[in-house]
Amino acid sequence: LHAALSAAPRSRRAQSALTQLRGVLEEELEAIRGAGTWKSERVITSRQGPRIHVDGVSGGILNFCANNYLGLSSHPEVIQAGLQALEEFGAGLSSTRFICGTQSIHKDLEAKIARFHQREDAILYPSCFDANAGLFEALLTPQDAVLSDELNHASIIDGIRLCKAHKYRYHHLDMADLEAKLQEAQKHRLRLVATDGAFSMDGDIAPLREICHLASRYDALVFVDECHATGFLGATGRGTDELLGVTDQVTIINSTLGKALGGASGGYTTGPEPLVSLLRQRSRPYLFSNSLPPAVVGCASKALDLLMESNAIVQTMAAKTQRFRSKMEAAGFTILGANHPICPVMLGDARLASCMADDMLKRGIFVIGFSYPVVPKGKARIRVQISAVHSEEDIDRCVEAFVEVGRLHGALP
């Protein structure tokens, strides 16, 4: 009886705490809804591709918001390679790499990635978010400094937060500000400049020639996140360092297997062999995460094979991107970016972006409105992404739908 009586107050306190939590969460969720920034997830009932099927929507839908830049996520050879790896190596390793989770296909893919980027070695992660989370803490100490573009991806920002190096943030693409920060950081042992190669929200490209020039002048290292560049920027799809002719001046590259290179999952770091060896010893996301599933490794490896065999797919991207951008600008829309297949259609208002995206779906076009906190307040947009497997007719239909919806919502005259 005594135990029951003493347990009752604890139960009431626990229930009270849960009730309080629910109240706090509902208030926060209602604020998101009220701001027009609620993010709904549409359910796709088909494989990824330029045309998809969406739950609750009849007929095929043109997909213009995937990172499937080269259309390889549904390529028959990529799928077959994944099936073969699944059959030969199983569903997964049930372990981390250093315990008993490394297979020959992991080592082969790492070697292939290093060869693709013309680097000494590479290390695989479950995602590029993990690669970014694992790099800075393992590499940099309180004696060092990291200088980061203010609009770098959230994973870079979070990775930098985890490390104990001195942190400098320079204005977006502002080389004068970067130089001032580099001068200030001269007192530190190592100086690492960190930037996205292509910025995912605005579609602009880092001025790597200027960054590398400053890094050389001030004896700094250069790190580039190439998630939105690997596979399709540069003459052979090696990324922004190839595009801008500084392949031999970029020290470290992080990128993903989950966009152009098969579209499944996985990320990596590639660079000097001693750095990769250190990451195998100290990088927490690597040490404490299961190894990549064999099917994912098989798909990504085949995607790289296809890319290294021919750059024909890469060469189709520029013309299709320019077609969309020029037609949208002629219609009166503002498109950010520098001829990157990420084409942000700037609208400003979060609710307008969300409503226009919903009406685009009714017209058979799958796009998503982006608003705070994904982008700054007042800079809501619909981010369109061009794929090599979109036809010219697909692109023209997308533009026509934007014009119809833009006029309907007052975004166009």
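The values are calculated or read from the model by the stated rules, or taken from the named source; none is laboratory data. Since the structure is predicted, the reported quantities are computational estimates derived from the model, not experimental observations. Counting neighbours? That spans all protein chains shown, and the Cβs are built from the backbone with ideal geometry, glycine included. Ligands, DNA and RNA are stripped out before the accessible areas are found, and what is left, the full protein with its side chains, is counted by its heavy atoms. Shrake-Rupley method; radii C 1.70, N 1.55, O 1.52, S 1.80 Å.
Applying the selection to the range 240-267, what residues are over 16 Å from Val224 (Cα atoms) and of a type in the set (Ser, Thr, Tyr)?
Matches in the range 240-267: Ser265 only.
When you scan the range 380-400, do you find a residue that is among the basic types (Lys, Arg), under 21 Å from the mean Cα position of the chain (by Cα) and open to solvent by 40 Å² or more (accessible area, probe 1.4 Å), even just one?
There is no residue in the range 380-400 that is among the basic types (Lys, Arg), under 21 Å from the mean Cα position of the chain (by Cα) and open to solvent by 40 Å² or more (accessible area, probe 1.4 Å).
Could you run through the range 213-231 and say how many residues are within 15 Å of His117 (Cβ to Cβ) and either open to solvent by less than 10 Å² (accessible area, probe 1.4 Å) or out of contact with any helix residue (DSSP H, G or I) (no Cβ under 6 Å at 6 or more places or on another chain) (or both)?
8
Give me the pairs: first residue in the range 177-190 and free of Cβ contacts under 8 Å to residues at least 12 places away in the same chain, second residue open to solvent by 60 Å² or more (accessible area, probe 1.4 Å), beta-carbon distance under 6 Å, and six or more apart or on different chains, which are they?
Final answer for the pair search is Asp177/His171.
Taking the range 19-39 as the search range and keeping residues that are assigned to a helix (DSSP H, G or I) and of a type in the set (A, V, I, L, M), which one is farthest from Tyr372 (Cα to Cα)?
Looking at the filtered set, the residue picked out is Leu21.
Listed here are the residues, each with its yes/no results for (1) touching a helix residue (DSSP H, G or I) at 6+ places or on another chain (Cβ under 8 Å); (2) surrounded by 16 or more Cβ atoms within 10 Å (Cβ to Cβ).
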{"residue": "Glu329", "(1), (2)": "no, no"}
{"residue": "Phe333", "(1), (2)": "yes, yes"}
{"residue": "Leu336", "(1), (2)": "no, yes"}
{"residue": "Cys355", "(1), (2)": "no, yes"}
{"residue": "Asp358", "(1), (2)": "no, no"}
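Here is a yes/no grid of residues against (1) of a type outside the set (Phe, Trp, Tyr); (2) more than 21 Å from Glu110 (Cα to Cα); (3) part of a loop (DSSP other than H, G, I, E, B):
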| site | (1), (2), (3) |
| --- | --- |
| Glu242 | yes, no, no |
| Gly245 | yes, yes, yes |
| Asp248 | yes, no, no |
| Gly262 | yes, no, yes |
| Thr270 | yes, no, no |
| Ser277 | yes, no, no |
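What are the pairs with Cβ atoms under 6 angstrom where one residue, in the range 12-38, is over 30 Å from Met356 (Cα atoms) and hydrophobic (A, V, I, L, M, F, W, C) and the other, located anywhere, is modelled with pLDDT under 90 and open to solvent by less than 90 Å² (accessible area, probe 1.4 Å)? Sequence gap at least six, or different chains.
Matching pairs, first to second residue: none at all.
Are there any pairs with C-beta distances below 9 angstrom linking a residue in the range 247-261 that is outside the structural domain of Gln385 (by the TED database) and in contact (Cβ under 8 Å) with a residue 40 or more places away in the chain to a residue that is aromatic (Phe, Trp, Tyr) and in a loop (DSSP other than H, G, I, E, B), with the two at least 6 apart or on different chains, and if so which?
Lys259/Tyr69; Ala260/Tyr69; Ala260/Phe232
Yes or no, residue by residue, for (1) on the phi < 0 side of the Ramachandran plot; (2) in contact (Cβ under 8 Å) with a residue 60 or more places away in the chain; (3) within 22 Å of the chain's Cα centre (by Cα):
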{"position": "Ala114", "(1), (2), (3)": "yes, yes, yes"}
{"position": "Ala138", "(1), (2), (3)": "yes, yes, yes"}
{"position": "Thr141", "(1), (2), (3)": "yes, no, no"}
{"position": "Asp144", "(1), (2), (3)": "yes, no, no"}
{"position": "Ile156", "(1), (2), (3)": "yes, yes, yes"}
{"position": "His172", "(1), (2), (3)": "yes, no, yes"}
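In the set Gln315, Gln322, which member is farther than 23 Å from Leu173 by Cβ and either open to solvent by 40 Å² or more (accessible area, probe 1.4 Å) or assigned by the TED database to the domain that holds Gly262 (or both)?
One residue alone meets the criteria, Gln315.
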